[in-house]
Structures are given as C-alpha cells and as structure tokens.
1. Check ARG111: other-chain or 5+ apart residues with amide H under 5 Å from its amide H, H built from backbone geometry?
2. Over region 44-98, consider all pairs of different Cα atoms and compute the Kirkwood hydrodynamic radius from their mean reciprocal separation; express it in Å, one decimal.
3. Between ALA99 and residues 5 or more places away or on another chain, which pairs have amide H atoms under 5 Å apart, with H built 1.01 Å from N, and which residues are they?
4. Quick check for you: with a 1.4 Å probe and neighbouring chains kept, what is the accessible area per residue of region 216-260, in Å²?
5. Output wanted: per-residue J couplings in Hz (rounded whole) for region 130-140, from phi through Karplus 6.51 cos²θ - 1.76 cosθ + 1.60, θ = phi - 60°, x for Gly and Pro.
6. Can you list the residues, at least 5 places off or on another chain, whose amide H is less than 5 Å from the amide H of GLY166, using H built in the peptide plane?
7. On a 1.4 Å probe surface of the protein chains, which of GLU79, GLU211 comes out largest in accessible area, and what is the full order?
8. When the accessible area of region 44-98 is split by element with a 1.4 Å probe, what percent falls to carbon and sulfur?
Amino acid sequence: MTGFGKLLTFLNVFVAVALLSWSVSSYTNRVDLLDSKNENETVEGQITIYKKEIDSLSKSIAGSQSAYGAKFRGLSDLELTRDFRRSKYNDRLYQARGADGAGRRIQAVFRVQIPAVGGAGDAAFTDLSKDGAVILGANNKPLEGLESLRKQFQDTVATIRLLRFGDPARKLTDAQKRDLSKTVGNNADYTELLNGLGVEDLRILHSDLSELVAANDALIGRQKTALTNLREEAAYLGSIKVNWVVQLQTLERRQAQLEARLQEFK
C-alpha cells in the first residue's frame, strides 16, 4: 500500500469515528419535540413547553399593555393639569408684576392663595380654579405691581442721586467759589447759583460760606473794637472840652476884671 492509500485510510477512520461520536451525542442529547409517556407520567415535549411560554408571555404583554395604558392616561391627565396650572400661575405672575408677557401694562392685583383642599386636592398646592380676595396695602388700597414698585424705586434712586450729586451740568466751579462774596450780595445770582446743586456741592458751598462768615465776623469784631475805642475817646475828649470851656470862661472873667482894674488907673 502506498503512502497516499494509507493517508486515505487514516482519514476514513477519523471521519468514521467523528460521525460515530456525533451520532452518539445527538442521540443522548436529543430534543423531544412531542409529548411522550413513560411508566409514571407524561413528559411534555418542547413544542408544549414553548406553547406554554408563549401563552404566559402573551398574558404578560396584555397586562403590561393594560398597565401602560392606565399610566399613559394618568400621565396625560397630569400633563393637562400641569399645563393648566402653568397658565394660571403665569396669569397671576403677570398680575403681580403689573405687565403681561409682552411687557404691556395691566392692572396689578395680588390675591390670597386658596389651598386645594377636599376631594382629590392636595393642601400643599393652590386651588387655581378660584380667585382669592384682593390683598390691600397699609393705605387700604390694592397693592401695586412689581413693575410699578420697581419704577418707583428707580425714580427714588434717581431723585436721591440728583439730591446728592446735583445736576452734572451745574457743578460748582472755582470761579464761582472765588466770586462767592459778590454772589451772596445779590439774591438773584445767589438763587441761580443754588439751583441744581447737590448735597456734595452744597456742603462745599456751606464750608466756603462758613469761612467767609468767619472772616466777616472777625472784621466786624475789629470794627466793634474800633467803634468802642472811638466812643471812649469821644467821651474822654468831651470831658476835656468841658474843662477847657470852663477854663476859658474863667480866663475871660479874669481878663474883664483885669481890664476894669486897669481902667481905674487910666
């Protein structure tokens, strides 16, 4: 026998052994598709087992679909409730602000929030289907909206800023400070100077005026001292004048007496 013949014989034996092993394995691990009976019980085949699994899965699918439908309907109801509450909250928010979503002015209203109690309502939520009473302020009038209050606040801040810093176009200049003494003497010019000045400039002006007043007070004090001295000197000179008048009158009488005596002797 040639080598090629030996190889074919070896391959034939190998294939035979492989087929035998596969046959034995298939027989021992065979799948019983149909039901069978033994001495004690009926053994269900794979077809029966698969049919039961399919029936069980079908029932599970039906139950899941039913639960999904119920959950979906509940979710749809919740979404509708959410959209309704969002719309109502937006309306109340616009009323509180005093302006709608487009920025247009509307009547500002603050209302008491009514709890959702009774039935399926949750007290933690607000019953948006009912409008509560209008909230009144300290002046017994409805509260103003947030936009109105914000505008009032901004106007107040602008007024305070104007009062503090004054009109930027009418700041106190160095030339006005130098001519302050002349300006104070003219009511019209002084009123024009004060118009538009803020607290900061008025404080500076007050300081300059205080210095001017102090200088004038010092000058007035010196003038008072000079006037007092002049009055005292006038009183002193008046006394001396009286003495000189009396002395002059005495001398005139003595002179008349002396002349009369001389006349006696010719």
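The values are calculated or read from the model by the stated rules, or taken from the named source; none is laboratory data. Everything numeric here is computed off the predicted structure, so don't read it as measured data. The protein model used for the area step is the full one, side chains on, heavy atoms only, and it has no ligands, DNA or RNA in it. Shrake-Rupley method; radii C 1.70, N 1.55, O 1.52, S 1.80 Å.
1. ILE135
2. 14.9
3. It is ILE106, by chain and number.
4. On the way: 4120 Å² over 45 residues.
On a per-residue basis, 92 Å².
5. Karplus-based 3J(HN,Hα) across region 130-140 equals 10, 9, x, 5, 6, 7, 9, x, 5, 8, 6 Hz.
6. Under 5 Å from the amide H of GLY166: GLY198, VAL199.
7. On the way: GLU79 75, GLU211 120 Å².
Ranked from most to least accessible, the order is GLU211, GLU79.
8. Heavy-atom surface of region 44-98 belonging to carbon and sulfur, 1.4 Å probe: 60 percent.
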